[in-house]
Amino acid sequence: MEERLTRQARKSQTRERLIDAAAIVFAQRGFETATLDEVAAAAGYTKGAVYSNFASKTDLFIALIERRVETQTAEFNATYGGRDLAAAARELQNVPDRESESDRQWLLLAMEFWLHAMREERARVLMAEQYERARMASANLVASFYESSGREPPLAPRDFAIVIESIAIGQAIQAALDPDAINMSLQGRVIAMLMGLPISPSATAAQE
């Protein structure tokens with residue numbers, strides 16, 4: 001039993017290292033251009049190690065998305081979990097004015113994979129499943145905000161999550177193209193307005 005668990009631990013460690021390497025290689029080379037040989041070399045393994053953990057480059061990228069969704073969900077729960085509407089609104093508007101370089105790199109990579117997924121049905125289905133997981137995590141947070149405040153949301157929580165996701169992605173795309181023209185804190189104020197909450201005076205002042 002102990003030996004089997006050790007093998008499982010090693011396999012899990014190998015898998016995580018391959019995902020780490022894929023994040024770097026895909027960001028540097030692009031999903032379409034990057035090869036599994038490059039990912040394996042970056043992780044310190046042979047390509048056989050990749051195929052023993054992932055059936056294809058698409059499956060490796062989906063694993064990367066899955067881990068990002070899990071990480072972001074944990075971060076959102078830590079930031080917003082247990083908050084009422086007023087506290088959630090303050091946190092929504094307390095964001096940096098500029099997008100981080102790591103977020104920008106992820107956006108570029110995600111956009112490339114979206115295009116790939118539009119041409120390959122299996123990739124589209126797998127990616128859609130991951131984004132639905134993220135969407136439902138956001139919906140659960142929205143529902144908890146209104147429940148803790150004893151109010152009814154103006155939209156169904158899942159619909160709210162779709163709108164929030166659309167605002168965040170749309171603004172991130174514009175910021176990636178012209179960062180000096182886009183203030184990333186705008187999305188927090190817009191979401192607060194949609195929730196029927198007051199805009200933070202500090203956020204309003206920062207925009208003037």
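The values are calculated or read from the model by the stated rules, or taken from the named source; none is laboratory data. These figures come from a predicted structure and were not determined experimentally. A quick note on method: Cβ atoms are made from the backbone with ideal geometry, for glycine too, and the neighbour counts reach across all protein chains shown.
Got at least one residue in the stretch 183-201 being free of Cβ contacts under 8 Å to residues at least 24 places away in the same chain, under 19 Å from Asn94 (Cα atoms) and surrounded by 15 or more Cβ atoms within 10 Å (Cβ to Cβ)? Yes; the residues of the stretch 183-201 include at least one that is free of Cβ contacts under 8 Å to residues at least 24 places away in the same chain, under 19 Å from Asn94 (Cα atoms) and surrounded by 15 or more Cβ atoms within 10 Å (Cβ to Cβ). One residue is enough: does the stretch 157-167 have a residue meeting the conditions part of a helix (DSSP H, G or I), touching a residue at least 40 places away in the same chain (Cβ under 8 Å) and not basic (Lys, Arg)? Taking every residue of the stretch 157-167 in turn, none turns out to be part of a helix (DSSP H, G or I), touching a residue at least 40 places away in the same chain (Cβ under 8 Å) and not basic (Lys, Arg).
Residues checked against (1) more than 20 Å from the chain's Cα centre (by Cα); (2) in a helix (DSSP H, G or I); (3) modelled with pLDDT of 95 or more:
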site: Arg4; (1), (2), (3): yes, yes, no
site: Gln8; (1), (2), (3): yes, yes, no
site: Ile24; (1), (2), (3): no, yes, no
site: Val39; (1), (2), (3): yes, yes, yes
site: Ala42; (1), (2), (3): yes, yes, yes
site: Ala49; (1), (2), (3): yes, yes, no
site: Gln72; (1), (2), (3): no, yes, no
site: Leu108; (1), (2), (3): no, yes, no
site: Phe113; (1), (2), (3): no, yes, no
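Candidates Glu91, Glu75, Glu101, Glu70: the one that is in contact (Cβ under 8 Å) with a residue 12 or more places away in the chain and in the same structural domain as Ile182 (by TED's automatic domain parsing) is Glu91.
Leu141 meets the stated requirement of being at pLDDT 90 or above and not basic (Lys, Arg). At pLDDT 95 or above and either more than 18 Å from Gly30 (Cβ to Cβ) or in a loop (DSSP other than H, G, I, E, B) (or both), is that true of Val125? Criteria met by Val125.
The residues listed here are Ala89, Ala110, Ala117, Ala41; of these, the one that is of a type outside the set (Phe, Trp, Tyr), touching a helix residue (DSSP H, G or I) at 6+ places or on another chain (Cβ under 7 Å) and over 30 Å from Pro153 (Cα atoms) is Ala117. Every listed requirement among (1) surrounded by fewer than 18 Cβ atoms within 10 Å (Cβ to Cβ); (2) under 20 Å from Leu126 (Cα atoms) is met by Thr6 save one, (2). Could you tell me which of the residues Ala143, Ala123, Ala134, Ala117 is surrounded by 18 or more Cβ atoms within 10 Å (Cβ to Cβ) and free of Cβ contacts under 8 Å to residues at least 40 places away in the same chain? None of the other options fit; the residue is Ala117. Leu18 falls short on exactly one of the conditions (1) part of a helix (DSSP H, G or I); (2) at pLDDT below 95; (3) touching a helix residue (DSSP H, G or I) at 6+ places or on another chain (Cβ under 8 Å); (4) not assigned by TED's automatic domain parsing to the domain that holds Ala175, and that condition is (2). Residue count for the stretch 74-105 under the criterion of being part of a helix (DSSP H, G or I), under 17 Å from the mean Cα position of the chain (by Cα) and surrounded by fewer than 19 Cβ atoms within 10 Å (Cβ to Cβ): the result is 12.
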